[in-house]
Amino acid sequence: MTDEDEVLRYDKMVENALRGVVCSAINEVIENYSASGGMPGDHHFYITFLTDYPGVKIPDYLRDRYPGEMTIVLQYQFSDLAIKNECLEVTLSFNNVPERLVIPLSAVSIFADPSVNFALQFQPLGDAIEDEDLILQGLGEDDPDGDGTDGGGSGGEKTGEVISLDNFRKK
């Protein structure tokens with residue numbers, strides 16, 4: 001056993017615990033509110049997930065329209081909500097066509113309930129950075145603010161985008 005094998009992975013423990021919050025919230029809706037046809041009060045869930053993550057089952061036209069990432073909203077028009085085998089399953093209507101989506105909880109990157117200013121952001125479980133050296137790689141003198149740029153503006157290729165959930169919060 002190496003020293004690396006003996007390290008407690010608190011980051012993974014926290015991710016799993018927070019995914020448990022998502023699972024609990026969905027199960028609460030299933031157990032207490034799904035018979036009434038929706039969510040309690042003003043609650044609604046924004047769930048962003050990776051469309052190309054293993055185990056995600058969505059129609060091809062949706063995968064083509066949302067390559068990489070998609071956000072669904074659970075508020076009024078959803079049915080057959082379930083959690084099975086660590087997957088969220090739900091039927092949503094797209095252009096008046098009901099579609100069954102199967103989303104592994106490990107594919108979820110953002111879970112938000114704007115009605116109560118609650119949001120969680122996740123590192124996808126299969127893609128988590130395993131080595132701290134990889135996190136620190138390139139964050140040296142040429143990257144003074146640690147944002148992956150050289151501090152000189154937008155001279156490089158865009159590799160990601162940060163989305164603010166402030167737009168979804170009540171004001």
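Brief remarks on what is shown
- Of all residues in region 76-95, none are part of a helix (DSSP H, G or I) and either touching a His at 6+ places or on another chain (Cβ under 9 Å) or free of Cβ contacts under 8 Å to residues at least 12 places away in the same chain (or both).
- GLY41 within 18 Å of the chain's Cα centre (by Cα), small (Gly, Ala, Ser) and in a loop (DSSP other than H, G, I, E, B): no
- Search result, residues across region 81-107 that are loosely packed, with under 13 Cβ neighbours inside 10 Å and over 26 Å from VAL14 (Cβ atoms): SER93, ASN95, ASN96, VAL97, PRO98
Just so you know, all these numbers are worked out from the coordinates, no wet-lab data involved. Quantities reported herein were computed from a predicted structural model and do not represent experimental measurements. Heads up, the Cβs are rebuilt from the backbone with ideal geometry, glycines too, and the neighbour counts pull from every protein chain shown.
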